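Okay, structure first, notes after.
The values are calculated or read from the model by the stated rules, or taken from the named source; none is laboratory data. Only a predicted model underlies this, so the values are computations on that prediction, with no experimental measurement involved. A quick note on method: Cβ atoms are made from the backbone with ideal geometry, for glycine too, and the neighbour counts reach across all protein chains shown. The accessibility values were calculated without ligands, DNA or RNA, using every heavy atom of the protein model including side chains. Shrake-Rupley method; radii C 1.70, N 1.55, O 1.52, S 1.80 Å.
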Amino acid sequence: MAKTLIAYFSRADENYFGGAMRYIKVGNTEVVCRIAQDLIGADSFKIEMKTPYSPVYMTCIDEAKKDLRAKARPELVQLPASLDAYDTVVLAYPNYWGTMPMAVFTFLEAFDFAGKTILPICTNEGSGMGGSERDLKRVCPGAVVKPGLPITGSRAAESEGALRRYFAQNGLL
């Protein structure tokens, strides 16, 4: 039987919500992934940086931009021992400077995704998927990267309908 993993990077603390800053205890991407997990019953794995970005939004985006320019691969708290048991990976992340956070690249480059299906979900406040789908195809040769689902982060709690449709279209519901 096909098995699915939800792997995600999410950031709480101060976040941008359509023009204003607001402190949140659970990141938008994690909110979306909790809904996704309820819908499809998949295993989940949170991608966490050993040295997280600043809780202050403006400092965080500067740190993320610096890492992007340096093509950094931040060290993660942990990695799964293997992804061999999974046929499908729902990969969720916020849009950082037009692509995935560099910590997601660290996660992806640790595994061989050949033969796996990747369903990208990108939380954002208007920048959509950015170039993340293209980057996924480049970093995960041999994987089937499906068209992604952009979700407005400030509306993460209202994403069940969009997730339900996306998972149905991709054979998970």
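Note on segment 105-141: residues that are closer than 17 Å to residue 82 by Cα and aliphatic (A, V, I, L, M) amount to 4.
No other residue among 62, 38 is open to solvent by 60 Å² or more (accessible area, probe 1.4 Å), farther than 28 Å from residue 172 by Cβ, at pLDDT 95 or above and of a type outside the set (Val, Ile, Thr) apart from 62. Sub-6 Å Cβ pairs linking a first residue in segment 50-69 that is more than 20 Å from residue 20 (Cα to Cα) to a second residue that is in a loop (DSSP other than H, G, I, E, B) and of a type in the set (A, V, I, L, M), at least 6 apart or interchain, are 50/77, ordered by first then second residue. If only one of 74, 80, 55 is part of a loop (DSSP other than H, G, I, E, B) and farther than 22 Å from residue 120 by Cβ, which one is it? Checking each option against the conditions leaves just 55. Note on segment 13-29: residues that are closer than 25 Å to residue 167 by Cβ and without any contact (Cβ under 8 Å) to a residue 60 or more places away in the chain total 2.
Quick check on residue 35: is it under 17 Å from the mean Cα position of the chain (by Cα) and part of a strand (DSSP E or B)? Talk me through it step by step, then tell me what you get.
Values: under 17 Å from the mean Cα position of the chain (by Cα): yes; part of a strand (DSSP E or B): no.
So residue 35 fails the test.
Applying the criterion of being part of a helix (DSSP H, G or I) and open to solvent by 70 Å² or more (accessible area, probe 1.4 Å) to the residues of segment 150-173, the residue that is nearest to residue 42 (Cα to Cα) is 164.
Is there a residue being open to solvent by 60 Å² or more (accessible area, probe 1.4 Å), over 15 Å from the mean Cα position of the chain (by Cα) and modelled with pLDDT of 95 or more anywhere in segment 90-110?
Our first condition is that a residue be open to solvent by 60 Å² or more (accessible area, probe 1.4 Å); within segment 90-110, this holds for 97, 109.
Imposing the further condition that a residue be over 15 Å from the mean Cα position of the chain (by Cα) reduces the set to none.
Taking every residue of segment 90-110 in turn, none turns out to be open to solvent by 60 Å² or more (accessible area, probe 1.4 Å), over 15 Å from the mean Cα position of the chain (by Cα) and modelled with pLDDT of 95 or more.
Could you look through segment 130-144, keep only residues that are open to solvent by 20 Å² or more (accessible area, probe 1.4 Å) and not in a helix (DSSP H, G or I), and pick out the one that is farthest from residue 97 (Cα to Cα)?
Step one: of segment 130-144, the residues open to solvent by 20 Å² or more (accessible area, probe 1.4 Å) are 130, 133-134, 137-139, 141-144.
Those left that are additionally not in a helix (DSSP H, G or I): 130, 141-144.
Values: 130: 8, 141: 23, 142: 26, 143: 24, 144: 24 Å.
For segment 130-144, the residue satisfying everything is 142.
With respect to (1) in contact with a Lys or Arg (Cβ under 7 Å, 6 or more places away or on another chain); (2) at pLDDT 95 or above, the lone exception for residue 15 is condition (2). Would you mind telling me which numbered condition in (1) open to solvent by 70 Å² or more (accessible area, probe 1.4 Å); (2) out of contact with any strand residue (DSSP E or B) (no Cβ under 8 Å at 6 or more places or on another chain) residue 67 fails? Evaluating residue 67 over (1) open to solvent by 70 Å² or more (accessible area, probe 1.4 Å); (2) out of contact with any strand residue (DSSP E or B) (no Cβ under 8 Å at 6 or more places or on another chain) leaves (1) as the failure.
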